[in-house]
Amino acid sequence: MRIAVVSDDGVTIAAHFGRAGKYLVFETRDGVIQAEETLDKPTRHGAGHGAGHEHAAGHDAGHDAGHDAGQEAGHGSGRGHGGADAHRAMLDPIRGCDAVLAGGMGRGMQGHLKAAGIEAVLTAPGPAREAVVRWLAGDLQHDARRVH
C-alpha cells in the first residue's frame with residue numbers, strides 16, 4: 001500500500017493540501033512502513049501561485065473571509081484555484097497511492113482524489129510518520145470538518 005502525506009517541511013502534515021510544497025510517500029506492507037520518499041508537489045495554492053493559478057490582488061483575504069462565512073468560493077469545481085487542470089497536475093506524482101493525508105482541502109480536490117481512486121484522510125497537522133502508523137492501525141479517523 002502507498003500512502004501520501006502533504007507536507008511543507010518534510011516532517012509534518014501540512015494544514016492545507018493545495019498550499020503544501022511536498023508529498024511524503026510511504027510504501028507499506030502488512031501494516032508496516034517499508035520505505036519513504038519525498039516528492040515535489042506541483043502547482044501550490046497560495047505559495048508562488050504555480051502555472052495556471054494566478055489570483056487578483058487581495059484574493060487570499062477575500063477567499064479566507066468567504067471560508068469563514070461558510071461560502072465555498074468555487075471549490076466544488078476547482079474554480080478559483082486553477083481549475084481541474086491544476087488539480088490533475090497536483091495528483092500526477094501520487095497516482096497509484098491508496099490514500100493521502102492532509103490537514104485540510106477543498107471539495108474540488110477531494111472530488112479529484114476520489115475520481116483517481118485515492119482516499120482523502122483529513123486530520124490535524126502533526127508528525128507525518130506517526131499519522132501514517134496510526135492510520136494503518138485504524139487509529140486515525142477522517143475529520144470531514146476539515147473539508148472547505
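Only the coordinates and a few stated rules stand behind these numbers; no lab work does. On a predicted model such as this, the values are computed, not experimentally measured, just so you know. Methodologically, a virtual Cβ is constructed for each residue, glycine included, from the backbone with ideal geometry; neighbour enumeration extends over all protein chains shown.
At-a-glance table
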item: Protection-proxy order for peptides 18-24, 33-39, each taking the mean of Cβ atoms within 10 Å per residue, highest first; result: 18-24, 33-39
item: Linear extension gain, Ala15 paired with Thr38, 0.36 nm per residue minus alpha-carbon span; result: 6.5 nm
item: Alpha-carbon centroids, the stretch 112-130 and the stretch 14-35: separation in whole Å; result: 8 Å
